[in-house]
Every structure is written in C-alpha cells, then in structure tokens.
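Asks: Here it is, the structure in full.
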Amino acid sequence: MSHNTSPGRLLVVDDNKVNRLLLGRGLEQQGHRVAFAENGRQALDMLAHNNFDLILLDIQMPEMDGYQVLEKLQEKLEWRDIPVIVTSALEELDSVVRCIEMGAEDYLTKPVNPVLLRARIGAGLEKKRLRDQQRELVRRFATAEVAQDLEESGFALGGRFVEATVMFSDIRGFTTLAEAQSPADTIDLLNTYYTLMFEAISGQGGVVNQMVGDGLMAIFGAPLLLPRHAEQAVRAALEMIEMIDLFNLDQAATSRPLIHIGIGIASGTVIAGYTGTQRRATYTCVGDTVNLAARLEAYTKIAGQSILIDESTRQSLSAAIQTSDLGLAQVTGKVQEVRIYAVPTGQKA
Amino acid sequence: MQAQLVIDPRTYRQLKEQMGADFVRELVETYCHETGRLIEQLYQALAAHDSAAFARLAHSIKSSSASLGALNLSQQARQLELTGQTNDLSEAGPQLERLSSGFLKVKRCLEELRDEP
C-alpha cells in the first residue's frame, strides 16, 4: 500500500469525542482534511453543504445512527458513490455485515490501528477517484440521459459478455474532401458531423465510444441495457442518414461540399468493459461482432449502400423496418461468406 | 504498579508515540471530562428506565476507554451495554456503581501518566 495517498476531504462521524479526536488526529497526520459530525443528522447536514471524498461512520449514535445514514446515502445520487468506512468494535461484526450489505465499502475496528487506517483510507479514496473518473468518462461519451440512467441503474462497467449491437460509421472520401478545403473548414465540418451523429445515436440509447478522424464506433445495449438494441441501432442509422441529407441541403445552399456516410451494423455477443490505463480509459467492446460491424461499414463502398447490417441484426428487427437481402458476401477478415442486408434509406420506420 | 493494572501501558505508550505527547494530554482531559458526563447520563437513563440509551452510553464508554488502554473499564462498560440490550435494567444499579468507581481509578491513573515526562 502506498504511503503517500493523495489527500482527501474526510468526514468523521462519531458521537464520542475521544474517538473523533483520535481518528481526526490520525487522518490529519496522514495529510487529509477532516471534518467532524457528532451524529447522523449532523453528518447529513454537512454532506448537503460540502463535498467529501470519504466518510468514516460510527454505527451506534444518538439521534440518527449509522444504518440510517447509510440508507440516506443510498437515496441520493450524488452521495451514493462516497465510500463509507464503518468504524466499530470488534464484537460488532454482525452490525458491520449489515452495514456492508447496506452499501458501506469497508470497516475498521476500534481502537483503530494507524497502519490499517492508512491502508483502508487509501483504498477508499482510490475507489472514489476511479468512480469519479468513470462517471466523467461516461458523461463525456454518453448524453446526460444515458449517464443519468447509468447512475441510477448502477454502473456495471467491468469486463463481461453482453448482447449488444455495434455500429461503425464514417465519411466516404473524407481525405479528398479535406484536401479541397481549409483546415478550419474541415474541423468545423467534423464538429457539425459529430454533433449530428451523437444526437441520432444517443437519441436511440446508444453510446459513442470511439471517434477516430471521420469515423466513429457506437454501442447499443452496453453499458446501458437496451432490450431492443438492434432495432434502435438501425433506427439511429436511418436518422443519421436523414440528418446528413438535411446537412447536405445546407451545404449545397452555401456551395460547400456534400458528405456521404457509410454505416455497418452487427449484433451479437461482445466483451464489454473499461480498457486503458488509470490515466486514460474508455468503455469499449471487442469480439467478432465488433469486427463484423467494422467490415460491413467498409463493405458499404463495395455494395454501394449507405447502411449494411448482418443477419442477426435483421432477425431482431420489427416488421416496421424494411431490409433487402444482398445475399452472401465475402467480407474481408471472414473465412466464410456472410449474409448481408441493406437498409434502404428514406423509409419512415 | 497500580497504574499498570488500570491502564494498559503498551496501548498508552503507543498512543503517545504515534500521536504525540501534547495531543495525548489533551485527549486524556477530553476523555476524563466526556466519560464523567457519560456516566452521569447513564444514571439518568437508569432512572428513566431507558435501556436503549443506557446501552448506547455504555457502548460509547467502552469504545473510548479501549482506545486509551483502560481495558478493564472497557470490559465493565461492555457488560453494561449488554445489560442495556436485554431491556432489563433491574440489575444495572450495582454494575453502574462499579463502573463509576472503576472510572475514578482510571482517571487517577491517567492523570499520573499524563504528568510523567
């Protein structure tokens, strides 16, 4: 365990002044800033007006005890992720178990051992930091609604298998386009393009998780569960094409170049989770489904279609969406031929 | 010798080493003051037959006493806490008397230790 945990703002809740002094002293010696509350009610008051990174919580207290505090913390979204370390006597282990079931992160027995205190606080603060970071990433890559949904349904961002639909999209002939106009115009164009695409994707519950140059990857069904992820991905694709058409009308009116996009969509099992390092991480999916979606996107140029989907996406679609069977195709990277379908644009699904 | 029985010397020494002598002096004063107050409240809870408050107050004394190395007193407080939890305070009077006199010994002993160099 590291001996130089970054300092945090801690709240010590204990009705016994000696315990408060002791914990406070230990924590201040470790470089943290400490505030004190004598009971649960006072603690909630302080939480309402200040930000804390971690709470050290006594169980037995007058007015409002530790259990009630834990209950309140769960009720409020912005409090839910503050790690709580329960401080208790050794013979109270049953109570500790209950606290952990109620959302407490960890526990320390009193009298508190300074080495354990340092270790537990360090681990708690680190978890808080990672959670803040995850939340920030989700905010950045998802819309406020999706981020909110995620927070409410609880984060499930660890690596896992999920049934999802993956979408790849990029601008056709972008390099030529970029060469024909000023760099400022190109960036401007990309920003408008991304804004429109984000709107269509997140409007259908998808999450854009990668943007590279003029291409993007979006996931429907993870990290937010979507029961009809395939249908929603295809609807998003149709909206994207519609938006590009509208955008092109605008471009044409000001004699600026038109853009065309290709979209590939595939559904199936993916491995989803956070990847990267502690400093930089992103939510992503890997697996055959992801590869297939990327290949289908590339294949739109060969097929001369705007939207291509795989067999399993098509099978999940409602009758409201028309598709046309393009038969078996040899897609790069696949040994066997795969059956592909085009989704005619301009249909009002 | 008396001091060593009432206060665990190892706990007290560690506390002084880890937290600093000045801080421990302040801590001892707070402890004596607070524990005196808690014992008063225990008598009130006993008179009011409030066993929940009785258990909670005893719990508090148990916890801070252990921190300062007053292990016997902490054990006594633990017994009072258990009594409080049974909702039957009929036997609690003599127990509380013993705790009260035990605390006086602890207080004297802590004051001695506090004034040591």
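Where a number appears in this text, it was derived from the coordinates with a stated rule and is not lab data. If you're wondering where the values come from, they're calculated on a predicted model, not measured in any experiment. Note that we place each Cβ from the backbone using ideal geometry, even for glycine, and neighbour counts take in every protein chain shown.
Asks: Largest first and to the nearest Å, give the Cα extent of chain A along each principal axis.
Replies: Result for chain A: principal-axis Cα extents of 76, 43, 34 Å.
Asks: Can you order the peptides A:227-239, A:202-214 by their average number of other Cβ atoms within 10 Å per residue, highest first?
Replies: Values: A:227-239: 23.0, A:202-214: 18.9.
Sorting A:227-239, A:202-214 by mean packing, highest first, produces A:227-239, A:202-214.
Asks: Based on the alpha-carbon gyration tensor of the range A:157-269 and its eigenvalue square roots a ≥ b ≥ c, which shape applies: rounded if a/c is under 1.5, prolate if not and a/b is larger than b/c, or oblate?
Replies: Judged from the Cα gyration tensor, the range A:157-269 comes out prolate (a/c at least 1.5, a/b above b/c).
Asks: Could you tell me which residue out of A:Q181, A:Q30, A:T192 lies farthest along the dipole of the protein assembly as shown toward its positive end? Charges go on the beta carbon: Lys and Arg +1, Asp and Glu -1, centred on the Cα centre.
Replies: A:Q30
Asks: Same structure, new question: Calculate the dipole size of the range B:3-114 relative to its Cα centre from +1 charges on Lys and Arg beta carbons and -1 charges on Asp and Glu beta carbons; express the result in debye to the nearest 20. Kindly include the intermediate steps, with their values, before the conclusion.
Replies: On the way: 13 positive and 14 negative charges, 63 e Å.
That gives the range B:3-114 a dipole magnitude of about 300 debye.
Asks: According to a simple spin-label model (label point 7 Å from Cα along Cα-to-Cβ), what is the distance in nm between A:Q133 and A:A48?
Replies: Here the answer is 3.4 nm between the modelled labels.
Asks: What nm value, rounded to one decimal, do you get for the distance between A:V97 and A:V115 when each label is placed 7 Å out toward the C-beta?
Replies: Distance between label points: 2.8 nm.
Asks: Still on this structure: Give, as ranges by residue number, the residues of the range A:299-342 whose backbone N falls under 16 Å from the point 7 Å along Cα→Cβ of A:Q210.
Replies: A:299, A:333
Asks: Follow-up question, since we're still on this one. Take every Cα pair under 8 Å in the range B:3-114 that's 6+ residues apart, average their separations, divide by the length, and report that relative contact order as a whole percent. Intermediate values should be presented prior to the final figure.
Replies: Values: 118 pairs, mean separation 38.5, N = 112.
The value is 34 percent.
Asks: Still on this structure: Efficiency by 1/(1 + (r/R0)^6): what FRET value for B:L5 and A:R41, r their Cβ-Cβ distance, R0 = 51 Å, to the nearest 0.05?
Replies: Values: r = 40 Å, r/R0 = 0.78.
Using R0 = 51 Å, I get an efficiency of 0.80.
Asks: Is the shape of the range A:18-59 rounded, prolate or oblate, going by the alpha carbon gyration tensor and its root eigenvalues a ≥ b ≥ c, with a/c under 1.5 for rounded and a/b larger than b/c for prolate?
Replies: Details: a/c = 2.40, a/b = 1.35, b/c = 1.77.
Taking the square roots of the gyration eigenvalues as a ≥ b ≥ c, the range A:18-59 is oblate.
Asks: Still on this structure, please answer the following. Which stretch or stretches of the range A:120-136 have amide N atoms under 17 Å from the point lying 7 Å from B:Q18's Cα along the Cα→Cβ direction?
Replies: Answer for the range A:120-136: A:120-123.
Asks: With each label point set 7 Å from Cα along the Cα-Cβ vector, what nm distance links B:N72 and A:K301?
Replies: So the label points at B:N72 and A:K301 sit 8.9 nm apart.
Asks: Using a Cα-Cα cut-off of under 28 Å, which lysines could be cross-linked to A:K301, ignoring same-chain neighbours fewer than 8 residues away?
Replies: A:K334, A:K348
Asks: Any chance you could give the angle, 0 to 90 degrees and rounded to 10, that helix A:17-29 forms with the longest Cα principal axis of chain A?
Replies: Relative to chain A, helix A:17-29 is tipped by roughly 50 degrees.
Asks: May I ask you to derive the FRET efficiency for A:R160 and A:V338 from their Cβ-Cβ distance with R0 = 25 Å, giving the value to the nearest 0.05? Show your work: numbers first, answer last.
Replies: Details: r = 26 Å, r/R0 = 1.03.
Calculated transfer efficiency: 0.45.
Asks: Averaged over B:56-63, how many beta carbons belonging to a partner chain fall within 10 Å of each residue's beta carbon? Mind dumping the intermediate values first?
Replies: On the way: counts 5, 3, 0, 8, 10, 2, 4, 13.
That average works out to 6.
Asks: Same structure, new question: Taking other Cβ within 10 Å of each residue's Cβ, how do B:D50, A:D310, B:D22 sort, fewest first? Let's see the in-between values first.
Replies: Details: B:D50 16, A:D310 25, B:D22 9.
Ranking B:D50, A:D310, B:D22 by Cβ neighbours within 10 Å, fewest first, gives B:D22, B:D50, A:D310.
Asks: Among the lysines, which fall within straight-line cross-link reach of B:K105, defined as a Cα-Cα distance under 26 Å, with same-chain neighbours fewer than 8 residues apart omitted?
Replies: Of all the lysines, those that pass the test against B:K105 - Cα under 26 Å, at least 8 places apart if same chain - are A:K17, A:K110, B:K16, B:K62.
Asks: Considering only the other residues whose Cβ falls under 13 Å of the Cβ of B:E29, what net charge follows from Lys and Arg at +1 and Asp and Glu at -1?
Replies: Numbers: positive: A:K17, B:R25, B:R37, B:K107, B:R114; negative: B:D22, B:E26, B:E34, B:E111, B:D115.
Local net charge: 0.
Asks: Here's something else I'd like to know. Per DSSP H run of at least 4 residues, take -39500 (n - 2.57); add these up for chain A, divide by its residues and hand me the 222 nm value, nearest 500 deg cm²/dmol. Display every interim value, and only then the final one.
Replies: Values: 12 runs with 158 residues, N = 349.
The helix contribution divided over chain A gives -14500 deg cm²/dmol.
Asks: What list do you get for A:S255, A:S6, B:S65 if you sort them by fewest beta carbons within 10 Å? Write out the running numbers ahead of the final one.
Replies: Details: A:S255 6, A:S6 12, B:S65 28.
Ordered from fewest to most neighbouring Cβ atoms within 10 Å, A:S255, A:S6, B:S65 come out as A:S255, A:S6, B:S65.
Asks: Where in the range A:289-331 is the amide nitrogen less than 13 Å from a point lying 7 Å along the Cα-to-Cβ axis of A:T269?
Replies: A:289
Asks: Additional query: What 222 nm value per residue comes from the helices of chain B, counting each DSSP H run with n ≥ 4 as -39,500 (n - 2.57) and dividing by all residues, nearest 500 deg cm²/dmol? Before the final figure, lay out the partial values.
Replies: Numbers: 6 runs with 99 residues, N = 117.
Calculated at 222 nm, the ellipticity per residue is -28000 deg cm²/dmol.
Asks: Test of understanding: what is the full-extension gain from A:S6 to A:Q29, defined as 0.36 nm times their sequence separation minus their Cα-Cα distance? Kindly include the intermediate steps, with their values, before the conclusion.
Replies: Numbers: separation 23, 0.36 × 23 = 8.28 nm, distance 1.28 nm.
Result for the pair: 7.0 nm of gain on full extension.
Asks: When a/c reaches 1.5 or more, the comparison of a/b and b/c decides; with that in mind, is the range A:48-135 rounded, prolate or oblate per its Cα gyration tensor? Write out the running numbers ahead of the final one.
Replies: Values: a/c = 1.88, a/b = 1.19, b/c = 1.58.
The shape class here is oblate.
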